[in-house]
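Here's the structure, in C-alpha cells; my notes come after.
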C-alpha cells in the first residue's frame, strides 16, 4: 500500500496516511482498513479514473476477490464521507471527485473523460471571463421505476445536444456530467469542479400515462435560481413528448443565460473592457431598443470587432444593430453601409460556418437589402442547424411573408412564440408577425398580436403603427385614431412619408401601398 506521509484535507475531513486515520471536524472516525486503502488510492490518483482492477490490486494485493467487495468499500466510504466524494464512472472505474484544500479539481480531460469545451482560464478562478460554460446534470428519475431511466437519460442527453448548437455557449460533455448520476449533489461545489458558470438540473416523474418534467437554471457563482419551469404531458408518444419538452427547455434556457451574462457585465462594467465585455454590453444596449441604446450597441460591437477581428459574434451583431438602426432610428440605409453589414456577417460565417445565429443575422441583412430568396435560404439553414432558435423562426416568418407565403409565415411566427415566450425580442416576434398578418388581410390577428406586444416594456413604435393600420382596415376608425395618437407620442416624427422611407426593405409595391393606405385610414398624414 502507499507510503505517503502527506496529510490531505477537504471539507470537514482530514486524512492522515501515516496514522491511517480519518478525522471529521478534528475527531477520529472508525474506518475499515480496506476502505481506507481505497480512499487513499483514489486520493493519490485523483487526476484520473482508477479502474476496478487497479483498486483491487492495491487493496487486496495477490488475492482474487469478487468485484462486489469493491462496491462494499465504496458504500462504506460514501456513508462516512458524502456521495459525491467517490464518483462512479460506468464501465470505467472510480474517481475522487472533491477538490482538496489548496487545490482546484478539474475533470476536463484529466480523468480520461470526454473533455468539456471551454476557453483557457485560471483554474483557480473557474468564473473567469470568457464564454459561459453550462453543465447539464443528469435529470433524476423520480418515478420509482428503474425502467424509466431511459427517459430521464434521454432528456438530459437531448438538452446537452441542443444547447451545444448555441455556439456562444460552452457545454460540458455528457460523459463528464454522467459521473454525477445517482449522487446527492452540492450544485455550487459540482459546478466548481466542472468549471461551469451555470448548472441545469431537473427531474422526471411518471404516473400512469402522465409525465412531469421539471427543469431549473442555477447561477453557479451565486447559487441563485435564474429560471425554472414544469412541464406536464400525456404520454401518447414517448419520443414526441421527449422532443417537445427538450425543445422548449432549451429554447427558454438560452435567452435566460444570455440575460444573466449581460447583467453580470452591466453590473461590473470593467474599465479595461475586452472584446467579450464590449460584446455583451453591446447586446445589453441592443435589447433596450431605443435610438440612443442602438447607437451605443453599434459602437460597442464595432469596438469589439476591432479588438478581435476573429470574434464572429461581434461581427454579426454589429451588422444586425446597424440594420435595425436603419429601420427604426437614425442610421441611414446607405448602400455602402448595407454592403459593410453583409460583409461582416460573411466574415462571421467564415469563422464558424455551422453557427445558426450567424446565418440568421446574415438573412436579416439580406432582407434589408431586399434579397428575399437569399434570406430564405439563410433562415432555413439557421432553423436546420438549430431548431430551437426562436429568432430564426421569426426571421423565416418575415421572409415568407415578404414572398407572399402568408400561411407558412404564420406557422413560423407561432413557433417562435411557442419556443421562447420570455425572449428579449418577444415584442418583435409579435409585431413582425402582425405585419405579415396585415399583408394576409388577417387584421384581427394583427390587432391581437400588436395588443400583446404593446404590453411588453421594450416594444417599439412600429407596434402602434401596425395596430393602427389593422384597425383602420377593420373599419374601427375611432380605435385606429386613438392608436395613431399613441403612435405620435411614441414617435413624434412619424408620418406617412417617414413610414415610406423606413419601409425601404419592402420590395413588393402592393405591400408598401397597402400599408400606407392603412395609415391614412387611421388618420396618419
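The values are calculated or read from the model by the stated rules, or taken from the named source; none is laboratory data. Just so it is clear, the structure is predicted and the values come from calculations on it, not from any experiment. Glycine gets a Cβ as well: all are built from the backbone with ideal geometry, and neighbour counts include every protein chain shown.
Some points to look at:
- Test: residue in the range 288-297 that is at negative phi, in contact (Cβ under 8 Å) with a residue 40 or more places away in the chain, outside the structural domain of residue 210 (by TED's automatic domain parsing) and surrounded by fewer than 17 Cβ atoms within 10 Å (Cβ to Cβ): yes
- Applying the condition of being out of contact with any strand residue (DSSP E or B) (no Cβ under 8 Å at 6 or more places or on another chain) and not in a helix (DSSP H, G or I) to the range 225-270 and asking which residue is surrounded by the fewest Cβ atoms within 10 Å (Cβ to Cβ) yields 236.
- The one condition in (1) at pLDDT 95 or above; (2) farther than 30 Å from residue 254 by Cα that residue 525 fails to fulfil: (1)
- Residues that are surrounded by 20 or more Cβ atoms within 10 Å (Cβ to Cβ) and over 18 Å from the mean Cα position of the chain (by Cα), drawn from the range 195-205: 204
- Residues in the range 27-42 that are within 14 Å of residue 81 (Cα to Cα) and either touching a helix residue (DSSP H, G or I) at 6+ places or on another chain (Cβ under 7 Å) or surrounded by fewer than 19 Cβ atoms within 10 Å (Cβ to Cβ) (or both): 27, 28, 29, 30, 31, 32, 35, 38, 39.
- Test for residue 222: is it surrounded by fewer than 22 Cβ atoms within 10 Å (Cβ to Cβ), in the same structural domain as residue 170 (by TED's automatic domain parsing) and over 30 Å from residue 149 (Cα atoms): yes
- Complete set of residues in the range 313-330 that are part of a helix (DSSP H, G or I) and free of Cβ contacts under 8 Å to residues at least 60 places away in the same chain: 314, 315, 316, 317, 318, 319, 320, 321, 322, 323, 324, 325
- Residue within the range 461-474 that is in contact (Cβ under 8 Å) with a residue 24 or more places away in the chain, under 30 Å from residue 283 (Cβ atoms) and surrounded by fewer than 24 Cβ atoms within 10 Å (Cβ to Cβ) present: yes
- Residue list for the range 207-218, filter: crowded, with 20+ Cβ neighbours inside 10 Å and modelled with pLDDT under 90: 211
- Residue 443 meets each of the listed conditions (1) at pLDDT 95 or above; (2) within 27 Å of residue 256 (Cβ to Cβ); (3) in contact with a helix residue (DSSP H, G or I) (Cβ under 7 Å, 6 or more places away or on another chain) apart from (2).
- Condition check for residue 441 on (1) without any contact (Cβ under 8 Å) to a residue 40 or more places away in the chain; (2) under 23 Å from residue 508 (Cα atoms); (3) surrounded by 17 or more Cβ atoms within 10 Å (Cβ to Cβ): one failure, at (3).
- Failed criterion for residue 131 (all others in (1) over 24 Å from residue 98 (Cα atoms); (2) modelled with pLDDT under 80; (3) assigned to a loop (DSSP other than H, G, I, E, B); (4) out of contact with any helix residue (DSSP H, G or I) (no Cβ under 7 Å at 6 or more places or on another chain) hold): (2)
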